[in-house]
Amino acid sequence: MAIVSPGFTRRRQSPDVQLPPGQYLTEDFPVLTAGPTPRVPTDRWEFTVGTEAGQKHTWSWQQLIELPAEKITTDIHCVTKWSKLRTRWKGVSLDVLLEDVETAADFALIHSYGGYTTNLPLEDLLDGQAWIAYRYDDDDLTPEHGGPARLLVPHLYFWKSAKWVRGIQLLLEDEPGFWETAGYHDYGDPWREQRYQGD
Amino acid sequence: MSHVDGNSLAGDLREIFAVDLTVATGQCAGCGYKGSVATLRVYQNAPGIVARCPHCEEVVLRLVRGRDRAWLDLRGTVSLEIPLES
Ligand SMILES: [Zn+2]
């Protein structure tokens, strides 16, 4: 059944991998921020999922790190055009966090400490596509990169991977977030180069 | 006839946006602070330009540049007072 294409396999393993259109490769990890960097001590950190029916599910830091975690190695693509390959993270899958959440929602609005928001369809948070990440490259995630914990949803442009994540509001209607209300694309698929509204 | 279409703004807006807006006085929608645009805290290492109130740190202005257009979002600003030549 499986048709193996040697050309495809070689390309995947070669160092000059294919990047999404318009992207260039970077080795460092640029820090982008739309405001002052929040410093949230883990003993005061919490993560809340709110449903469209008004129910709340909250995890403390201790509860989060006791959940089964995964190691993720993934490419990331920033809308400012840099891509970074094979970044290494550790975090809890949203499949785990949303397992016992009853909802009919189709959309999610991510909230961060510091006030940042970003929106995406709920289905993009499920099926092994998104994590609450708290380790990067075998170290605790630094505040500059969104620590103590950030959303990691690497199949979309990286502005969707909200730093300093504090919760998810589940919604029946789409509600655009911080950049999505200021000209950026509502969905942000790097492979379809959905940078701006209308792309 | 109660209103006319936006084309009638052309002359007025050209005058407004041709001036140096950094000397304008803006009022923050978050806390009411009034100060010149030049005193805002501007974050540029981001997908767009984000200007925050120096008093409450709320976002007062966002400017995103696309390939062939720009988006200016002023929902955090109550008003801009712009000095003009008399
Ligand atoms: Zn203010």
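Throughout, read-outs are computed from the coordinates displayed, never taken from laboratory work. Because the structure is predicted, anything quoted here is derived from the model rather than measured. Methodologically, a virtual Cβ is constructed for each residue, glycine included, from the backbone with ideal geometry; neighbour enumeration extends over all protein chains shown.
With a requirement of 2 or more residues that are within 10 Å of the chain's Cα centre (by Cα) and over 24 Å from residue A:113 (Cα atoms), the strands (runs of 3 or more DSSP E) lying completely within segment B:45-86 that satisfy it span B:77-81. If you go through segment B:1-47 and pick out every residue that is surrounded by fewer than 13 Cβ atoms within 10 Å (Cβ to Cβ), touching a residue at least 40 places away in the same chain (Cβ under 8 Å) and more than 14 Å from the ligand (Cβ to nearest atom), you end up with 2.
Can you tell me which of B:50, B:64, B:60 is under 23 Å from residue A:162 (Cβ atoms), away from the ligand (no atom under 16 Å from the Cβ) and of a type in the set (Val, Ile, Thr)?
Details: B:50 fails: away from the ligand (no atom under 16 Å from the Cβ); B:60 fails: away from the ligand (no atom under 16 Å from the Cβ).
B:64 is the lone residue from the list that is under 23 Å from residue A:162 (Cβ atoms), away from the ligand (no atom under 16 Å from the Cβ) and of a type in the set (Val, Ile, Thr).
Listed conditions (1) under 16 Å from residue A:48 (Cα atoms); (2) assigned to a loop (DSSP other than H, G, I, E, B); (3) not polar (S, T, N, Q) are all met by residue A:96, apart from (2). Could you tell me whether segment A:131-147 includes any residue that is within 14 Å of chain B (Cβ to nearest Cβ) and of a type in the set (A, V, I, L, M)? No; the residues of segment A:131-147 include none that is within 14 Å of chain B (Cβ to nearest Cβ) and of a type in the set (A, V, I, L, M).
If we scan segment B:23-40, do we find a residue that is closer than 26 Å to residue A:80 by Cα and either part of a strand (DSSP E or B) or within 11 Å of chain A (Cβ to nearest Cβ) (or both)? Walk me through it before giving the result.
At the first step, the residues of segment B:23-40 found to be closer than 26 Å to residue A:80 by Cα are B:37-38, B:40.
Retained after the next criterion (residues that are either part of a strand (DSSP E or B) or within 11 Å of chain A (Cβ to nearest Cβ) (or both)): none.
Scanning segment B:23-40, I find no residue that is closer than 26 Å to residue A:80 by Cα and either part of a strand (DSSP E or B) or within 11 Å of chain A (Cβ to nearest Cβ) (or both), so the answer is no.
In segment B:46-62, what residues are facing chain A (nearest Cβ under 8 Å) and among the hydrophobic types (A, V, I, L, M, F, W, C)? Selection gives B:46, B:50, B:59.
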